[in-house]
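Novice: Here it is, the structure in full.
Read the figures in this text as sums done on the coordinates, not as results from a lab. Here the structure is a predicted model, which means the values were calculated and not measured. Quick reminder, even Gly has a Cβ in these numbers, built from the backbone with ideal geometry, and neighbours come from all protein chains shown.
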Amino acid sequence: MNGARKTDYTNGAQQRLVKLLLVMFGDVVNGYAASALAKAVGCSQSVMTRDLFNLEQTGVAERDEETGLWRLTARLPQQAVKVHAAIGRAETRLAETRAGIHRSTDY
């Protein structure tokens, strides 16, 4: 379609949350100060407080009571383990398919 208008569905808050999650994957053990996270994603401390609250409500992030640092819960890293396992299953299936093709006597 020549001359068609492209719709921009970009949402700043959603973009910021994704960036925040990616930053938080950098240290899932110790975590980060909220101020460091705000600086990393380029927002104010109050915006970061709201974002972290929302991630906490979904069970994705938690605040360490002793250190006050924020880190991801096991919820997202567990998904990464699932992806890795799925890739392993796909590799096994591919290897079995290749072996079956090489065993074939039809050629």
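Novice: In the range 1-87, which chymotrypsin sites (Phe, Trp or Tyr not before Pro) fall in coil by DSSP and have 14 or fewer other Cβ atoms within 10 Å? Numbers along the way, then the final one.
Specialist: Details: sites: TYR9, PHE25, TYR32, PHE53, TRP70; in loops: TYR9.
Sparse-neighbourhood loop chymotrypsin sites (Phe, Trp or Tyr not before Pro): TYR9.
Novice: Of [x] 17.1; [y] 14.7; [z] 13.8, which is the value of Kirkwood radius over Cα pairs in Å derived from the coordinates here?
Specialist: The value computed from this structure is option [x].
Novice: Using a Gaussian network for the chain with springs between C-alpha atoms less than 10 Å apart, which of these wobbles most: ARG16, ARG63, ARG93?
Specialist: It is ARG93.
Novice: Label-point separation (nm) for GLN57 and ALA74, each offset 7 Å from Cα along Cα-to-Cβ?
Specialist: For the pair GLN57/ALA74, the computed spacing is 2.6 nm.
Novice: Can you spot the lysines whose alpha carbon is less than 24 Å from LYS39's alpha carbon? Ignore those fewer than 8 places along the same chain.
Specialist: Here the lysines satisfying the reach criterion relative to LYS39 are LYS19.
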